[in-house]
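The values are calculated or read from the model by the stated rules, or taken from the named source; none is laboratory data. Fair warning: this is a prediction, and the values are worked out from it, not measured in the lab. Note that we place each Cβ from the backbone using ideal geometry, even for glycine, and neighbour counts take in every protein chain shown.
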Amino acid sequence: MYVIAPTGPLRGEIALQGAKNSILKLMAATLLAEGEHLLYNVPHLGDVEIMRQILASVGAESSWVAPHELTIKVPRRGELVATPLREYVGKIRASVVLLGPLLSRCGEVELGLPGGDDFGGRPIDIHLEGLSRLGAEFSEQPHAVRGVCHQLVGDTVVLEFPSHTATDNMLMAAACASGTTVIDNAAREPEVVDLAQALCQMGAKITGAGTSRIVVEGVQELSPLRGYSVVGDRVAAATYLCALGMVGGEIKLEGIDPATMEILIRKLGAMGFEFEVHESGLMAQVDKRLRAVNIQTLPYPGVATDYKPMMVAMLTRADGVSVVSENLFSGRFRYLEELQRFGANIISEGHHVVIRGAETLVGARVTAFDIRAGAALVIAALGACSPSQILGVSHIERGYDDPVGTLRALGAEIRVEERE
Ligand code: EPU
């Protein structure tokens with residue numbers, strides 16, 4: 001449980017963690033090459049530990065060799081197991097990205113249905129359709145999907161939606177397919193670019209990552225990553241910016257390319273944030289009550305759905321009425337009831353949330369149901385005028401590396417209590 005007391009302005013510098021939504025895919029990508037891989041800037045997250053267990057269950061053991069350095073030993077083809085342990089697979093959505101590498105390396109895969117945050121239905125039809133275009137054949141098992149292929153063969157694949165993890169899967173399946181694969185309507189997220197760059201370091205031939213048309217020329221074989229540094233986490237950056245928006249102050253974020261957060265920075269600027277943007281980070285300042293804004297979530301480069309819960313929390317104290325519309329996930333609203341416990345004036349209508357900014361929030365005892373919802377509750381608690389308790393914090397720590405230490409270093413009144 002976190003206990004959070006009313007907090008004054010935040011001040012200080014944060015070296016951003018490596019991105020959760022990149023490292024989990026890079027870990028899966030290591031399965032494409034036999035040998036010992038080395039990754040830098042790896043965040044300590046609950047989800048990374050789950051992915052380590054998943055990799056171990058297929059024969060790839062990993063170990064921490066320095067605080068943020070992870071090695072992964074990938075066995076030769078015949079020793080790699082195509083059935084990751086369901087117990088772990090069911091815990092995180094990112095386990096779906098094992099489909100591509102296991103099909104490519106083993107010619108088969110049996111994957112329990114991926115779990116993760118509960119945002120309403122999270123189908124995997126786009127993944128299966130794309131991989132089928134490369135020659136995989138899938139059959140549904142109870143609570144699992146089974147795929148086989150003799151040889152993956154490149155083709156043109158138009159994704160029905162620019163799904164982030166489906167694009168990851170296609171990149172990994174295409175890397176060693178025979179011939180050329182064109183992924184059209186691909187996701188453009190910086191973490192997809194990071195995966196493509198890592199695959200290129202392994203010997204893949206990929207162009208166009210970061211645009212909606214990626215071309216992959218299949219190669220025979222890949223070699224291990226000899227020290228790849230994970231891109232900075234823009235969602236963590238957004239989270240600390242929203243905390244700043246809630247209580248004011250001045251913080252410096254290092255280890256993130258501000259160009260990957262351009263629309264968010266513009267929105268925050270419209271609310272009253274002041275920024276000084278550098279090549280590898282930014283300085284942000286808030287010294288007055290923020291103005292309300294309207295926001296809609298969209299695939300990258302739009303405002304990410306992952307920023308939304310924290311932005312909603314921040315807007316609960318802005319001056320005026322904000323409308324936030326969710327366009328990616330049908331059920332990403334569960335945290336609203338928890339925010340209402342702080343006295344926030346929020347109503348949801350369909351996929352819109354209407355927030356009437358209040359002068360004050362009161363402390364509350366609330367529960368985190370997923371990573372970003374949990375982060376939103378921390379932000380609300382920082383801005384409340386009396387102490388709060390947040391339960392279910394293991395969800396928060398699935399996606400944030402030492403959130404308590406990071407916030408405390410900025411002056412936040414937050415501590416951990418073992419008892420829930
Ligand atoms: N969709 C389908 N069929 C599919 C795949 C997706 O209909 O086969 C739909 C989804 O239902 C959703 C939309 O497409 O409505 C977008 O889903 P997408 O596939 O892009 O999301 P994802 O790949 O499952 C990743 C991140 C999420 C992030 C989204 C959107 C990982 C492990 N997860 O999920 O991150 O919200 O992209 O950017 O990369 C988080 O970090 O907290 C998190 C949830």
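Brief remarks follow.
- Taking every residue in the range 189-204 that is within 15 Å of CYS176 (Cβ to Cβ) and pairing it with any residue that is away from the ligand (no atom under 16 Å from the Cβ) and part of a helix (DSSP H, G or I), at least 6 positions away or on another chain, the pairs with Cβ-Cβ distances below 8 Å are LEU199/LEU32; LEU199/ALA175; MET202/LEU32; MET202/ALA175; ALA204/ALA175.
- Selection count, the range 121-143, where residues are small (Gly, Ala, Ser), within 17 Å of ALA177 (Cα to Cα) and part of a loop (DSSP other than H, G, I, E, B): 2
Okay, residues lined up against (1) under 25 Å from GLY302 (Cα atoms); (2) within 17 Å of the chain's Cα centre (by Cα); (3) not in a strand (DSSP E or B):
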| residue | (1), (2), (3) |
| --- | --- |
| THR165 | yes, yes, yes |
| ALA173 | no, no, yes |
| THR181 | no, no, no |
| ARG188 | yes, yes, yes |
| ASP194 | yes, yes, yes |
| LEU199 | no, no, yes |
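- Candidates are the residues of the range 1-44 that are closer than 30 Å to GLU276 by Cα, of a type in the set (A, V, I, L, M, F, W, C) and touching an Asp or Glu at 6+ places or on another chain (Cβ under 6 Å); the one that is surrounded by the fewest Cβ atoms within 10 Å (Cβ to Cβ) is ALA15.
- Qualifying position, being under 30 Å from LEU339 (Cβ atoms), in contact with a helix residue (DSSP H, G or I) (Cβ under 6 Å, 6 or more places away or on another chain) and either polar (S, T, N, Q) or surrounded by fewer than 20 Cβ atoms within 10 Å (Cβ to Cβ) (or both), among THR239, THR181: THR239
- Residue count for the range 123-133, restricted to those that are touching a strand residue (DSSP E or B) at 6+ places or on another chain (Cβ under 6 Å) and not basic (Lys, Arg): 2.
- The residues on offer are VAL158, VAL153, and the sole one that is at pLDDT 95 or above, away from the ligand (no atom under 15 Å from the Cβ), surrounded by fewer than 18 Cβ atoms within 10 Å (Cβ to Cβ) and among the hydrophobic types (A, V, I, L, M, F, W, C) is VAL153.
- Pairs with Cβ under 6 Å, 6+ apart, first in the range 81-105 and modelled with pLDDT under 95, second charged (D, E, K, R): ILE92/ASP47
- Any chance GLU36 is away from the ligand (no atom under 16 Å from the Cβ), over 29 Å from THR305 (Cβ atoms) and free of Cβ contacts under 8 Å to residues at least 60 places away in the same chain: no
- Taking the range 321-374 as the range and being within 22 Å of TYR2 (Cβ to Cβ) and in contact with a His (Cβ under 6 Å, 6 or more places away or on another chain) as the test, the residues that pass are ALA368, ASP370, ILE371, GLY374.
- When each of ALA259, ALA292 is tested for being of a type in the set (A, V, I, L, M) and free of Cβ contacts under 8 Å to residues at least 24 places away in the same chain, the lone residue that passes is ALA259.
- Test: SER57 is surrounded by fewer than 24 Cβ atoms within 10 Å (Cβ to Cβ), of a type in the set (Ser, Thr, Tyr) and in contact with a strand residue (DSSP E or B) (Cβ under 8 Å, 6 or more places away or on another chain): no
- Residue count for the range 59-79 satisfying the condition of being modelled with pLDDT of 95 or more and either over 19 Å from LEU38 (Cβ atoms) or within 16 Å of the ligand (Cβ to nearest atom) (or both): 1.
- Elements of the type helices (runs of 4 or more DSSP H) sitting completely within the range 207-316 and holding at least 1 residues that are closer than 30 Å to GLU36 by Cβ: these cover 234-247.
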